[in-house]
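Here's the structure, in structure tokens; my notes come after.
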């Protein structure tokens, strides 16, 4: 009996260690897919489809890779009225809890804005300026390079300066507001600047699905000839999180 009692005590002591060993490792990756579709019939027939995907992978507690891409297409009465694509990557490396270095590349195409291919590259620093349980304000600054092949006009190839900020606020555990703003300034011509802002409200429907309402504004102060300086997109999308 003493031997059986001693064995039982040993098993009981070892059980927590076995449970700890069996615990799943922290998840290193996340993926978010976003899709929206609008179809109207009647006096006009219009179809708009848009999709995005964002993937991130944490190599360790300090290093993160982010990859994203998407596209938007629109038709009105059978004629294509919008066609946009983009893809990019970002690698960031923290050196303390609030500061990090990053490298970022983005390719995009917008046929109706007369942009055949746009390549943007930047290498800089970022910092969490303000953090509370419900708020996060992040800012980035970086030198970079822009190469833009335009349809029907000359190519733009310049060094740039980039400034970016993002604010996020959690109204509740399932509802989040975000505001992004980016300035890309040509270092060769002070008139040539590009501004992009996005205002969004995301509400969770379940553990994996959310809905997002957003407004995107883009402004190019020296756009290709025959195009507008401003582009605006309002969207309502379904998001799947993995």
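No lab work stands behind these numbers, since they all come straight from the coordinates. Keep in mind that what you see is a predicted model, and the values were worked out from it rather than measured. Positions of Cβ are backbone-derived with ideal geometry, glycine not excepted, and every protein chain shown enters the neighbour counts.
Percent relative contact order of the chain, based on C-alpha pairs within less than 8 angstrom and at least six residues apart? Averaging sequence separation for qualifying contacts and normalising by length gives 12 percent for the chain. Fully extending the segment from residue 209 to residue 98, taken as 0.36 nm per residue of separation minus the present Cα-Cα distance, adds 37.0 nm.
Across 97, 89, 128, mean-square fluctuation computed from a Gaussian network of the chain (C-alpha pairs under 10 Å connected) peaks at 97.
The long axis of helix 2-22 is offset from the longest Cα principal axis of the chain by roughly 10 degrees.
Using helices alone, I'd like the mean residue ellipticity at 222 nm for the chain: each DSSP H run of four-plus residues gives -39500 (n - 2.57), total over residue count, nearest 500.
Working: 1 runs with 21 residues, N = 242.
Roughly -3000 deg cm²/dmol at 222 nm, from the helical runs in the chain.
Note: relative contact order over segment 30-70, using C-alpha pairs below 8 Å and six or more positions apart, is 35 percent. With a Förster radius of 30 Å applied to the beta-carbon distance between residue 153 and residue 105, the computed FRET efficiency rounds to 0.80. If I build a Gaussian network model for the chain, linking alpha-carbon pairs within less than 10 angstrom, which residue out of 152, 51, 124 has the largest mean-square fluctuation? Evaluated over the chain, the most mobile residue of the options is 152.
Taking 0.36 nm per residue of separation and subtracting the current Cα-Cα distance, fully stretching the chain between residue 230 and residue 41 would add 65.3 nm. Here residue 56 and residue 197 are evaluated by their C-beta separation; at R0 = 22 Å the FRET efficiency comes out at 0.45.
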